[in-house]
1. Taking the Cα centroid of segment B:52-108 and of segment A:1-59, what is the distance between the two, rounded to the nearest whole Å?
2. Given a cut-off of 29 Å, name the pairs among A:7/C:46; B:63/C:46; A:101/B:128 whose C-alpha atoms lie farther apart than that in the structure shown.
3. Angle, helix A:26-40 long axis vs. longest principal axis of chain A, Cα atoms, 0 to 90°, nearest 10?
4. What percent do you get for the relative contact order of segment C:2-134 when only Cα pairs under 8 Å and 6+ apart count?
5. When only DSSP loop residues count, what trypsin sites (Lys or Arg not before Pro) in segment D:40-137 have their Cβ near at most 13 other Cβ atoms within 10 Å?
6. Give the Kirkwood hydrodynamic radius (Å, one decimal) of segment A:56-137, defined as one over the mean of 1/r across all pairs of different Cα atoms.
7. Hey, got a sec? Which GluC sites (Glu not before Pro) in segment D:1-92 land in a DSSP loop and have at most 13 other Cβ atoms within 10 Å?
8. Which values of log₁₀ I(q)/I(0), to two decimal places, follow from the Debye formula for the protein assembly as shown at q = 0.06, 0.11 Å⁻¹ with a uniform point scatterer at every Cα?
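Read-outs: derived from the displayed coordinates by stated rules, not from any lab. Fair warning: this is a prediction, and the values are worked out from it, not measured in the lab. Glycine gets a Cβ as well: all are built from the backbone with ideal geometry, and neighbour counts include every protein chain shown.
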4 protein chains.
Amino acid sequence: MFQHETKIRVRYAETDQMDVVYHGNYAQYFEVGRTESIRQLGFTYKDMEAMGVVMPIVEWHAKYLRPAHYDELLTIRTILKELPDDHRIEFHQEVYNESEKLLTVGRVVLYFIDAATKQKTSMPEVLKAKLLPYFNA
Amino acid sequence: MFQHETKIRVRYAETDQMDVVYHGNYAQYFEVGRTESIRQLGFTYKDMEAMGVVMPIVEWHAKYLRPAHYDELLTIRTILKELPDDHRIEFHQEVYNESEKLLTVGRVVLYFIDAATKQKTSMPEVLKAKLLPYFNA
Amino acid sequence: MFQHETKIRVRYAETDQMDVVYHGNYAQYFEVGRTESIRQLGFTYKDMEAMGVVMPIVEWHAKYLRPAHYDELLTIRTILKELPDDHRIEFHQEVYNESEKLLTVGRVVLYFIDAATKQKTSMPEVLKAKLLPYFNA
Amino acid sequence: MFQHETKIRVRYAETDQMDVVYHGNYAQYFEVGRTESIRQLGFTYKDMEAMGVVMPIVEWHAKYLRPAHYDELLTIRTILKELPDDHRIEFHQEVYNESEKLLTVGRVVLYFIDAATKQKTSMPEVLKAKLLPYFNA
């Protein structure tokens, strides 16, 4: 299993008049979580796009248990339970507040797509090699 | 069953560098769909908040089948399959492009919450009365 | 002078915890105003990009006089005082609420840029021809 | 003069199909810059709202000199040239990319408003005391 945590400070712009983070903004929080988890491996999503592979979201799910508020320093946990062996990758994501309360749990499915042909492809070997150590028995 | 359709034009701001609508922006599209579906009944979500009832999102799910592009005039279909009899309401939502291709299917669960006490409440009677005719056998 | 008005309904996502539209969202409102003003001429910004001309914003200015609130139906007025004869175009923009109160006044400068060469270019002739009648003495 | 710098990583959501940061998103970048500049003083904007003072934006201006791209680590410089002595405060803001190129220069005017009475007020003394050392001759 590969797991990573990053911090995000809630912006004023991200709140709504219910005085909490607008639910749609968690898409960005999860995105930042995934991006930083890959960076920690010594690779970046930007590198992947430069290699001609893009990763559109095909499924996004979240349960909102507790609200997040302005200026809170959230922890985004990004979890990869399985190393993908085809075009599909599934992340689990969790958001915690400063009191370590679980606010949101999510699941995001993305595909590896060849940007030139628009066809499904698989995870670039360079990334796979970096993830492999986390999945060895 | 209650069903409603509204149109949304994709804004430039809503695209990302993959040349499609950023997946997180569908939260806003679905929101507009729900809002307009209630308005069509002769009630508004704004009225409901003025009555002291708010509707936080507790679950949000979408499958992204095809991308939406800049300037497309999307159709947002909002479907209420069951009339809620407690604090929970579940909407089904679909997004179609101008060629009537289905782009996205979603499911959103919200709670009716008393803004003052923060406790669960039920759908205001005024809204229930307007929805009832759609659910009579 | 060329002038155009379009309507925008304030989305919940666009409010912040001050119970008003977050100031940064007026960039989108102004964008929609400009886009619809061009569409009314029988041309679209999308067409222009398809022709290889993009229009990055080089300057953006707004004065916020009064706030906009959730669910208000705003009027966005887009004004072109001068027909550009080089790469620079300047729009004046105003936002009114349903009581016809002026909320925001803005000024946006964009350049016509050749997407392929990244060099400054001028307004496509097809658009200029459509605007010309508004500027004849 | 009071000056502060903070870093922001460009999110995918913040790009548009021109492959650059959408101009409207700089409102959030500037906001983060101001927020972090106050935090560095040992005070927060959140504290100020808790004291019953809010700071709506009344004027926002930016010149966009060069674009910002996905995943770039931007530096937001926030500058207070004068210590306000009434309800008005003006920040100068600059955005630099990793090559220390100046991308955007801005100027933002905010008012100190009493949240209860909606009347203009002045900077809370606790914040003024923290800023004063930067403005002594």
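1. 22
2. The answer is A:7/C:46; A:101/B:128.
3. Long axis of A:26-40 versus the principal axis of chain A: about 50 degrees.
4. 29
5. D:81, D:101, D:118
6. 14.6
7. Passing both the DSSP loop test and the Cβ count: D:82.
8. Values returned for q = 0.06, 0.11 Å⁻¹ are -0.30, -1.10.
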